[in-house]
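Read through the structure below, which is laid out as structure tokens, and then see the notes.
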Amino acid sequence: MTAVVPSASEVEEGGSRYDRLIQPARVHGTLYTDPSIYAEELRKIWHRTWVFVGHESEVPQPNDYVRKQLADQDVVMTRDKDGEVHLLINRCAHRGLQVCDDQAGNSSSFRCPYHGWTYRNTGELLGYPYNKGYGGKNQLPLGMGKVARVDSYQGFVFGSLAEDGPSLDEHLGAAKGEIDRLVGLSPEGRVALDAGWLRHRTRANWKFLAENETDGYHPQFVHGSIFGVTGSPIGALYSDNSTAVTRNLGDGHSENDLRPEFREFAEPMRWFGTTPDRVPSYVQAMKDAFGEDEANRRMIEGAPHVMIFPNLFIAEIQVFNIQPVGVGECVQYSTAVQIDGGHELNQRMVSQSIGSVGPAGMLLADDTEMYERNQRGVAMADPEWLDVRRGLVRESVDADGFTIGAATDETGMRGFWNHYKSLMEAEDR
Amino acid sequence: MTRHEEGPHHEVGLEEGADDVVVPQGRVVESEFASIAVRLDREGNSVRLRVEDLRTGRVRHLDALELESIVWLGEGHLTQLLDPSHERWRG
């Protein structure tokens, strides 16, 4: 492990701990390796801000439930009989046992297997065996724990363990528009994440993933093999000749905006690596829903490539849910996007997703190799810093006031670190 | 493997020749919290639903009128029945 505090010669005196560790052009290696920083991240980020947990389409029927993760918290996402979605902490109020064990099911109530305490799927305690020991029925003001705030946007469910703070709307900010872009590819205005999640255990700090998702500098190197095998035109979009931009969306969110390239080609469905004649039912449904011009615009511009702080990555055809496990370990959950009214697209989404991030997929395996080597690398003593200055010399501000860099610039990473720093410098509660 | 009737969530079967296993008859409605076999019983003069708790072997027959009553059971009454101390673990 590297030294916890950078040497005096490396940093200026004064400022907060994070002033020293996070600088405009570089960040310190201990941010990825120091257990005390990870413990602070749990308190100040994962247990406080809005975290992506799952999608409403995973619990389509009344009384459906699925087990999810919110950082170190085992969470049960339920839909009650009235259709409302809840995030329960998977813990019995009696002896603290984990209540639900299956990954998914349908039940209006949950019975703890230890002493039989039974809860409604809203967390309310319905009863306990042999009630005379408690003076009768309904004597205990207890229930399963709940994620303090639950909200959703376009079906994406987020939870915050803090009772108060910015609303989900405020947290998402400009990233809402990117979720809207994805949903706008559905003739019915809805997407589902119900194709099943793959779970990739990754021996790397979660921030390596969050930074990498909109790093347009690595694809030509790390993903050369899949671009070569598939003949994908995407690789060329990440070069110094590309008109694509990396955009800091604020609030820690960032995107690789490939639309300038796709607009130049003006070919519907190029973003998906296909042509309209191969997905005719979908193309017709889009035109019926939005009219010829608007449908064509949406099908030319394609799906977003956006990292939503701290853990939701929408990568065009698939979604990643990143959850930390420890300072040097995280899990990447991935699933194919399913478009309501997507016709021919949905099966292709699944097969392309399996090809890129499935067990034998060629994209995620390459990225994960980099994450894990990165984690091993930052454990070395020298040099202590990671460089994030790429593109500082050519950044600009777009018409909407967002900082943008070229396709291969580290503009997104710097936005991530700015927001991270503001959260970590906040007072403990 | 001898396959018996398929349940909506579960298939029930046992090894051929095994004689020490009670084979539940019917379809199984199951979650991690309970496992129940249901089938129509035509032994009486009208058909009934035979419901078996596979974890205990306890069986109850429900006739048409009893089933209709369950359908019309108020939410509050159903919630009372789910309280473990309501009947089974009353003490």
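The values are calculated or read from the model by the stated rules, or taken from the named source; none is laboratory data. Predicted model only: the values in this text are computed from it and were never measured. Counting neighbours? That spans all protein chains shown, and the Cβs are built from the backbone with ideal geometry, glycine included.
A few notes on this one:
- Residue A:65 meets the stated requirement of being crowded, with 19+ Cβ neighbours inside 10 Å, within 11 Å of another protein chain (Cβ to nearest Cβ), closer than 28 Å to residue A:164 by Cα and not small (Gly, Ala, Ser).
- One residue alone among A:83, A:54 is under 26 Å from residue A:173 (Cβ atoms) and either modelled with pLDDT under 95 or among the small types (Gly, Ala, Ser) (or both), and that residue is A:54.
- Top-ranked residue in region A:97-114 [being more than 29 Å from the chain's Cα centre (by Cα) and more than 9 Å from chain B (Cβ to nearest Cβ); ranked as farthest from residue A:78 (Cα to Cα)]: A:114
- Elements of type helices (runs of 4 or more DSSP H) contained in region A:157-237, each with 1 or more residues being out of contact with any strand residue (DSSP E or B) (no Cβ under 8 Å at 6 or more places or on another chain) and loosely packed, with under 15 Cβ neighbours inside 10 Å: A:168-172, A:175-183, A:219-222, A:224-230
- Within region A:116-147, restricting attention to residues that are more than 10 Å from chain B (Cβ to nearest Cβ) and either outside any loop (DSSP other than H, G, I, E, B) or surrounded by fewer than 16 Cβ atoms within 10 Å (Cβ to Cβ) (or both), the residue that is farthest from the chain's Cα centre (by Cα) is A:135.
Table: residues versus (1) at positive phi; (2) of a type in the set (A, V, I, L, M); (3) touching a helix residue (DSSP H, G or I) at 6+ places or on another chain (Cβ under 9 Å); (4) free of Cβ contacts under 8 Å to residues at least 24 places away in the same chain.
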position	(1), (2), (3), (4)
A:217	no, no, no, no
A:235	no, no, yes, yes
A:245	no, yes, yes, no
A:250	yes, no, yes, no
A:259	no, no, yes, no
A:300	no, yes, yes, no
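- Filter pass, residue A:397 being free of Cβ contacts under 8 Å to residues at least 40 places away in the same chain and either of a type in the set (Val, Ile, Thr) or assigned by TED's automatic domain parsing to the domain that holds residue A:67 (or both): yes
- Candidates are the residues of region A:363-391 that are of a type in the set (Lys, Arg) and in a helix (DSSP H, G or I); the one that is farthest from the chain's Cα centre (by Cα) is A:376.
- Looking only at residues in region A:86-115 that are part of a loop (DSSP other than H, G, I, E, B) and among the hydroxyl-bearing types (Ser, Thr, Tyr), the one that is surrounded by the fewest Cβ atoms within 10 Å (Cβ to Cβ) is A:114.
- Qualifying residues in region A:386-416 (those that are in contact with a helix residue (DSSP H, G or I) (Cβ under 7 Å, 6 or more places away or on another chain) and hydrophobic (A, V, I, L, M, F, W, C)) - the one nearest to residue A:216 (Cα to Cα): A:407
- When A:55, A:28 are checked against the criterion of being surrounded by 20 or more Cβ atoms within 10 Å (Cβ to Cβ), farther than 30 Å from residue A:190 by Cα, within 24 Å of the chain's Cα centre (by Cα) and not assigned by TED's automatic domain parsing to the domain that holds residue A:391, A:28 stands alone in meeting it.
- Looking across A:370, A:380, one residue alone is modelled with pLDDT of 95 or more, surrounded by fewer than 15 Cβ atoms within 10 Å (Cβ to Cβ), out of contact with any Lys or Arg (no Cβ under 8 Å at 6 or more places or on another chain) and aliphatic (A, V, I, L, M). It is A:380.
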